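Enquirer: Shown below is the structure under consideration.
The values are calculated or read from the model by the stated rules, or taken from the named source; none is laboratory data. As the structure is a prediction and not an experimental result, all values here were calculated from the model. Every residue, glycine as well, gets a Cβ built from its backbone with ideal geometry; the counts of neighbours run over all protein chains shown.
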Amino acid sequence: MRLYDYSASCNCYKVRLLLAHLGRPYERVPVDIFAGETLTDEYGRMNPSRTTPVLETEDGHYLPESNAILVYLARDTPYLPDDTFELAEVVRWLVYEQTDVIPTMGGLRFRLLVGRLTPSDPDAVRRKEGALEVLRLLDDSLATRDFFVGGRYTIADVAIYGYSHLAHEAGIDMQPYPNLRAWFDRVEQQPGYMEDVEPYGANAAPGAGRSLYD
């Protein structure tokens, strides 16, 4: 099993985190998305969307999209519920993470860290306002529960943790979200937990590299 990933991407980190929880061996294949490595014909055959991560399964299939990979890896493990309603709740949070968490705090963090936006830019202000709404919803959701689904740690938590635990790097004060901060601590106490998100390279700056974002 191989994981094609970019070390600074929290979408990729989510998959590495679940693999660490599971103790699954795999080969990690670094992909520099800002050096044009996803724009090659070879990469396009693995993933026509040219995004990371991509999982190459043991039987030779290529699976893109981080949350699809989480579902694939978590099947028949405690990280994906068998109960139909709880399974649907996991899917609900996986969708929300992609539609609301990433575009706000994830997108803001990336653009601020690499100099594609300044905090006062209208797009940065819009993303931050959206991030604050998302964080309030997440914090409220954890007011009466330890984890997002079924009272136990699942891939819903893995997915949401990926970008939310670095929201402070987007210039967001996390003090108003005590339930979320307590949840961070619970996630970090899970067996196999690790955090290895690396800084963006210099080629992620505007005009410095060649990628889908340039």
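Enquirer: With respect to residue 7, determine if the residue is surrounded by 13 or more Cβ atoms within 10 Å (Cβ to Cβ) and either assigned by TED's automatic domain parsing to the domain that holds residue 157 or of a type outside the set (A, V, I, L, M) (or both).
Expert: Yes: the conditions hold for residue 7.
Enquirer: Could I ask something else about it? If you take the residues of the stretch 16-65 that are hydrophobic (A, V, I, L, M, F, W, C) and under 23 Å from residue 111 (Cβ atoms), which of them is surrounded by the most Cβ atoms within 10 Å (Cβ to Cβ)?
Expert: First, the residues of the stretch 16-65 that are hydrophobic (A, V, I, L, M, F, W, C): 17-20, 22, 29, 31, 33-35, 39, 46, 54-55, 63.
Checking the rest, the ones that are also under 23 Å from residue 111 (Cβ atoms) come to 31, 33-35, 39.
Values: 31: 23, 33: 26, 34: 22, 35: 14, 39: 13.
So, considering only residues that are hydrophobic (A, V, I, L, M, F, W, C) and under 23 Å from residue 111 (Cβ atoms), the one surrounded by the most Cβ atoms within 10 Å (Cβ to Cβ) is 33.
Enquirer: Additional query: Looking at 134, 149, can you tell me which residue is closer than 21 Å to residue 87 by Cβ, in contact (Cβ under 8 Å) with a residue 24 or more places away in the chain and either of a type in the set (A, V, I, L, M) or touching an Asp or Glu at 6+ places or on another chain (Cβ under 8 Å) (or both)? Show your work before the answer.
Expert: Values: 134 fails: closer than 21 Å to residue 87 by Cβ.
So the residue among 134, 149 that is closer than 21 Å to residue 87 by Cβ, in contact (Cβ under 8 Å) with a residue 24 or more places away in the chain and either of a type in the set (A, V, I, L, M) or touching an Asp or Glu at 6+ places or on another chain (Cβ under 8 Å) (or both) is 149.
Condition check ((1) surrounded by fewer than 17 Cβ atoms within 10 Å (Cβ to Cβ); (2) farther than 26 Å from residue 124 by Cα) across all residues:
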| site | (1), (2) |
| --- | --- |
| 137 | yes, no |
| 142 | no, yes |
| 148 | no, yes |
| 161 | no, no |
| 170 | no, no |
| 178 | yes, no |
| 184 | yes, no |
| 189 | yes, yes |
| 199 | yes, no |
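Enquirer: Scanning for something under 15 Å from the mean Cα position of the chain (by Cα), of a type in the set (Ser, Thr, Tyr), crowded, with 17+ Cβ neighbours inside 10 Å and within 17 Å of residue 71 (Cα to Cα), does the stretch 89-97 turn up at least one residue?
Expert: For the stretch 89-97, residues under 15 Å from the mean Cα position of the chain (by Cα), of a type in the set (Ser, Thr, Tyr), crowded, with 17+ Cβ neighbours inside 10 Å and within 17 Å of residue 71 (Cα to Cα): present.
Enquirer: Right, another one. Can you name every one of the helices (runs of 4 or more DSSP H) wholly within the stretch 40-97 that holds 2 or more residues which are acidic (Asp, Glu)?
Expert: 41-46, 84-96
Enquirer: Can you pull out the residues in the stretch 201-213 that are part of a loop (DSSP other than H, G, I, E, B) and either loosely packed, with under 13 Cβ neighbours inside 10 Å or of a type in the set (A, V, I, L, M, F, W, C) (or both)?
Expert: Those that are part of a loop (DSSP other than H, G, I, E, B) and either loosely packed, with under 13 Cβ neighbours inside 10 Å or of a type in the set (A, V, I, L, M, F, W, C) (or both): 205, 206, 207, 208, 212.
Enquirer: Something else now. If we keep just the residues of the stretch 155-214 that are among the acidic types (Asp, Glu) and modelled with pLDDT of 95 or more, which is farthest from residue 74 (Cα to Cα)? So that I can check it myself, show each step before the final result.
Expert: Step one: list which residues in the stretch 155-214 are among the acidic types (Asp, Glu), which gives 157, 169, 173, 185, 188, 195-196, 198, 214.
Subsequent filtering for residues that are modelled with pLDDT of 95 or more retains 157, 169, 173, 185, 188, 195-196, 198.
Working: 157: 12, 169: 29, 173: 32, 185: 22, 188: 18, 195: 19, 196: 20, 198: 25 Å.
In this case the residue turns out to be 173.
Enquirer: Checking the structure you have, find out if any residue of the stretch 91-111 is in contact with a Pro (Cβ under 8 Å, 6 or more places away or on another chain) and touching a residue at least 24 places away in the same chain (Cβ under 8 Å). Let's see the steps before the verdict.
Expert: Residues of the stretch 91-111 that are in contact with a Pro (Cβ under 8 Å, 6 or more places away or on another chain), as a first pass: none.
No; the residues of the stretch 91-111 include none that is in contact with a Pro (Cβ under 8 Å, 6 or more places away or on another chain) and touching a residue at least 24 places away in the same chain (Cβ under 8 Å).
Enquirer: If we keep just the residues of the stretch 48-66 that are touching a residue at least 40 places away in the same chain (Cβ under 8 Å) and within 17 Å of residue 9 (Cα to Cα), which is farthest from the chain's Cα centre (by Cα)?
Expert: Residues of the stretch 48-66 touching a residue at least 40 places away in the same chain (Cβ under 8 Å): 50-58, 66.
Restricting the remaining residues to those that are within 17 Å of residue 9 (Cα to Cα) gives 50-55, 66.
Values: 50: 17, 51: 13, 52: 11, 53: 10, 54: 13, 55: 15, 66: 7 Å.
If we take residues in the stretch 48-66 being touching a residue at least 40 places away in the same chain (Cβ under 8 Å) and within 17 Å of residue 9 (Cα to Cα), then 50 is farthest from the chain's Cα centre (by Cα).
Enquirer: Let me ask another. Considering each of 69, 33 in turn, give the residue that is of a type in the set (Val, Ile, Thr), in contact with a helix residue (DSSP H, G or I) (Cβ under 6 Å, 6 or more places away or on another chain), within 26 Å of residue 170 (Cβ to Cβ) and touching a residue at least 40 places away in the same chain (Cβ under 8 Å).
Expert: Numbers: 33 fails: in contact with a helix residue (DSSP H, G or I) (Cβ under 6 Å, 6 or more places away or on another chain).
When all the criteria are applied, what remains is 69.
Enquirer: How many residues, within the stretch 101-123, are part of a helix (DSSP H, G or I) and either of a type in the set (Phe, Trp, Tyr) or closer than 16 Å to residue 166 by Cβ (or both)?
Expert: So in the stretch 101-123, the residues part of a helix (DSSP H, G or I) come out as 101-113, 122-123.
Next cut, either of a type in the set (Phe, Trp, Tyr) or closer than 16 Å to residue 166 by Cβ (or both) only: 101-113.
Matching residues across the stretch 101-123 total 13.
Enquirer: Regarding residue 89, is this residue in contact with a strand residue (DSSP E or B) (Cβ under 8 Å, 6 or more places away or on another chain) and closer than 22 Å to residue 180 by Cα?
Expert: Values: in contact with a strand residue (DSSP E or B) (Cβ under 8 Å, 6 or more places away or on another chain): yes; closer than 22 Å to residue 180 by Cα: yes.
In short, yes.
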